[in-house]
Each structure stands twice: as C-alpha cells, then as structure tokens.
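Below is one structure, written out as structure tokens, with a few remarks after it.
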Amino acid sequence: MFACVGFAAASATAPLARTTLQRRDPGPTDVRIDILYCGVCHSDLHTARDEWGGTVYPCIPGHEIVGRVVEAGAEVRGFKPGDIVGVGCLVDSCRACSACAEGLEQYCENGFVGTYNSPDTHTGGVTYGGYTKAIVVDQAFVLKIRATDNLAAVAPLLCAGITTYSPLRHWRVGRGSKVGVVGLGGLGHMGLKLAHAMGAEVTLFTTSANKADDARRLGAAHVVVTRDPDAMTRASGGFDFILDTVAADHDVNPLLNLLKRDGTMVQVGAPEKPLAVAPFSLIFKRRNFAGSLIGGLPETQEMLDFCAEHGITADIELIRMEQINDAYARMLKSDVKYRFVIDMASL
Ligand code: NAP
Ligand code: ZN
Ligand code: ZN
C-alpha cells in the first residue's frame with residue numbers, strides 16, 4: 001500500500017476536504033497512474049451527498065480521469081511508464097458474464113466495480129475515485145489517450161462523452177436524424193457536439209435562455225426554452241430521438257410529446273426522485289422511453305478515437321482542488337460552462 005492525498009466528503013452534509021488515503025501497490029496486471037486532471041460530474045455531487053442512497057463515507061468521487069502511467073505490472077501489455085491514459089466510470093467487472101463478453105461491462109450481470117463508492121475487492125473497503133493524486137487500475141479498464149495537448153478538456157469525455165455517445169450510437173443517430181438534447185450542462189454539451197458530428201439536426205431544450213448562443217456554437221441548429229410554453233408549442237413534433245440529461249426533477253411529458261411515431265427518448269440524467277410519465281405520452285404514436293448507462297470499455301475507446309478524429313473535446317473551466325465545493329454550488333445553479341475539471345497539480 002502507498003499513501004496518497006485526495007479530497008473526500010466525510011458525510012452527506014460535509015464539504016469536501018483534504019484527506020490521505022491508501023492505494024494498493026500495483027499487481028502484475030495493474031497500472032499505477034499519476035492523475036493530471038479529473039472532471040467534475042453531477043454524479044459526483046449526487047454520490048457525495050448520498051442523493052441516490054448507499055454512499056459509504058469517506059467518499060472520494062471523480063470518474064473522468066486523465067493521467068500519466070508511472071508504473072506497469074509485469075503482465076501489462078500496451079501501457080508503459082510515460083503513457084497518457086484515461087480512466088472512466090468503471091475499474092472492474094466480472095469479465096465472465098454475457099454482458100462483459102460483449103464489452104458491455106457497465107451492464108455486468110454480477111455488478112460492475114465503479115471507480116468510486118463500489119466494494120473494492122483488493123482493499124475490502126470501497127473504491128476511491130479521481131479527486132486524488134494517483135490511482136491503481138487493472139489494465140483492462142485503462143483507456144488509451146491519443147491527444148497530446150488540451151488533456152484537461154479530454155478528461156470529461158470519460159463520462160460525459162461516453163454517456164452521450166453510447167445512446168446516440170445505439171439508437172443509430174446520424175445524417176437525417178432530428179435530435180433533441182435536454183439540459184446544457186456537462187452531458188448536454190457533449191450531446192450537442194457528438195450528435196452534430198454524427199450529422200444530426202440538433203435542438204437544445206434548456207431552462208437557461210442565456211445559453212442559446214453557446215448552444216449554437218456547440219452544434220445546436222435550434223434552441224427552445226422549456227419554460228416558455230409558446231416556444232414548446234412551436235417546437236412541435238417530429239423528433240426521432242431525444243436525450244434527457246437533466247439532473248433535477250422535471251416534467252418529461254412535454255418532451256415525450258415531441259417524439260414522432262416510434263421515436264425514443266433516452267433518460268441519462270438521474271434525478272433522485274421518480275419521474276412521472278403520463279401513459280398517453282407513450283401510447284399515442286407508440287413512443288419509447290428508455291435509459292442508458294455510461295458505456296463499456298470498447299465503446300469508450302471508440303468514442304475517444306471518434307473525438308480525436310473530429311477534434312472534439314469538452315468546453316471546460318479548470319479549477320483548483322480546493323474550489324470543488326464552490327464548483328458543486330455552481331453546478332446546482334446550472335452555472336457550468338460546461339464542465340469543471342480539477343487541475344491535480346493544485347492538490
Ligand atoms: P450538469 O452539468 O449539472 O447539467 C445538468 C443540466 O440540467 C443543467 O446544466 C441544466 O441545463 C439542467 N437542469 C438543471 N436543473 C434543472 C431543472 N430543475 N429543470 C430542468 N433542467 C434542469 O450535470 P451532468 O454532469 O451533465 O449530469 C446530468 C445528469 O446525468 C446527472 O443526474 C448525472 O448524475 C447523470 N449522469 C448519468 C449517467 C448515466 O450513465 N446515465 C452518467 C453521468 C451522469 P439548462 O441550464 O440547459 O437547463
Ligand atoms: Zn459521471
Ligand atoms: Zn460481467
């Protein structure tokens with residue numbers, strides 16, 4: 001074991017504060033990574049504050065990790081000290097079930113191991129995420145980063161990027177698709193960029209009228225303010241696909257009603273309370289309401305390569321580690337442009 005500094009929440013109501021944690025020494029198939037940057041996902045906040053239940057304290061969030069390999073175990077192939085790599089939301093899975101066999105580790109039948117707040121078979125405690133100086137991860141859950149500059153803006157691809165890429169691909173969004181993205185935060189802004197790069201005509205649905213110019217710059221052809229009933233009426237139907245990234249309680253029915261026959265709305269935003277679906281929102285036009293969880297390792301690598309090819313990174317605000325509590329406060333006010341990323345050199 002080795003000691004490592006990080007930032008942890010000691011309880012659901014405590015601000016995050018500096019701590020020291022123990023990491024395992026790398027085993028034969030492990031890679032030890034010095035973390036350079038870690039993105040700040042709204043899931044970090046939901047978990048730190050136990051909004052979904054089940055948080056074990058101290059809790060160290062962070063699953064949008066970019067770092068440098070400093071040590072590779074004897075059986076590691078494909079990674080060597082000095083390589084720039086990524087770690088996303090997963091650090092292990094059973095690797096034997098049908099989901100894992102298909103590279104869909106996020107749907108592992110035996111439960112994936114999340115980067116934070118999951119049982120850690122190595123230490124007997126829970127996993128600790130990226131708000132730390134270093135992490136040790138099995139090579140099978142480490143991603144190759146081809147970008148050489150702007151690494152801080154690559155970090156958010158590891159969760160916000162893959163969480164939006166995976167459903168866009170699964171529901172075959174492409175040229176000719178009419179797509180809606182709901183909420184312009186970390187996930188939403190990646191949704192705009194990726195759907196636009198895939199050739200779709202994208203509309204942003206937002207509660208923040210002041211984000212309209214940014215939305216157009218990020219790839220939206222149209223912007224609709226959801227709190228304006230006239231604008232929602234004018235948006236009318238005809239959407240093939242809508243991606244809802246909203247982190248708070250909201251009415252999904254006016255959005256479902258924008259789908260064309262057989263259209264699909266995918267919920268990736270995960271507010272703590274159930275969403276009320278009016279049956280007729282689905283019954284008319286045989287609409288689908290689905291969910292999607294991050295993405296598996298092969299698809300995450302595919303997304304990173306797609307982004308490298310299309311010159312896509314996140315729009316970020318780089319912060320120092322001790323600014324994390326302010327960043328959470330701003331995230332709750334929808335005041336994120338459009339992902340906070342922690343500079344680990346500040347820790
Ligand atoms: P974020 O940066 O805070 O963005 C959420 C956006 O939702 C806000 O910027 C805001 O956009 C909109 N919003 C906030 N409150 C709202 C309200 N009361 N009504 C309507 N819209 C509201 O969060 P994020 O990091 O993108 O994460 C979004 C959600 O996805 C979180 O719940 C997170 O836990 C979840 N998530 C899920 C997965 C998955 O695998 N499914 C993966 C990662 C994250 P506007 O200002 O444009 O309205
Ligand atoms: Zn996340
Ligand atoms: Zn499995």
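The values are calculated or read from the model by the stated rules, or taken from the named source; none is laboratory data. Computed from a predicted structure; not experimentally measured. Backbone-built Cβ (ideal geometry, glycine too); neighbour counts: all protein chains shown. Surface areas here come from the heavy atoms of the whole protein model, side chains and all, with no ligands, DNA or RNA. Shrake-Rupley method; radii C 1.70, N 1.55, O 1.52, S 1.80 Å.
Here are the numbers for the structure shown:
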{"read-out": "Residues of the range 77-104 classified as open to solvent by 20 Å² or more (accessible area, probe 1.4 Å) and more than 11 Å from ligand 3 (Cβ to nearest atom), total", "value": "9"}
{"read-out": "Strands (runs of 3 or more DSSP E) wholly inside the range 24-100 that include at least 2 residues being away from ligand 2 (no atom under 16 Å from the Cβ) and touching a residue at least 60 places away in the same chain (Cβ under 8 Å)", "value": "30-39, 65-72, 84-87"}
{"read-out": "Count of residues meeting criterion [of a type in the set (G, A, S) and surrounded by fewer than 24 Cβ atoms within 10 Å (Cβ to Cβ)] in the range 172-214", "value": "8"}
{"read-out": "Yes/no for Y165 being of a type in the set (F, W, Y), at negative phi, touching a Gly at 6+ places or on another chain (Cβ under 7 Å) and not assigned by TED's automatic domain parsing to the domain that holds Q22", "value": "yes"}
{"read-out": "Long-range neighbours under 6 Å by Cβ, at least six apart or interchain, first residue within 18 Å of G295 (Cβ to Cβ) within the range 171-185, second among the polar types (S, T, N, Q) and open to solvent by 20 Å² or more (accessible area, probe 1.4 Å)", "value": "none"}
{"read-out": "Cross-chain or 6+ apart pairs with Cβ under 6 Å, the range 232-248 first and outside the structural domain of K285 (by TED's automatic domain parsing) and closer than 17 Å to H170 by Cβ, then open to solvent by 30 Å² or more (accessible area, probe 1.4 Å) and not in a loop (DSSP other than H, G, I, E, B)", "value": "none"}
{"read-out": "Hits in the range 285-294 (condition: within 15 Å of ligand 3 (Cβ to nearest atom) and at positive phi)", "value": "I294"}
{"read-out": "In the range 108-132, the residues that are within 16 Å of ligand 2 (Cβ to nearest atom), open to solvent by 70 Å² or more (accessible area, probe 1.4 Å) and in contact (Cβ under 8 Å) with a residue 40 or more places away in the chain", "value": "none"}
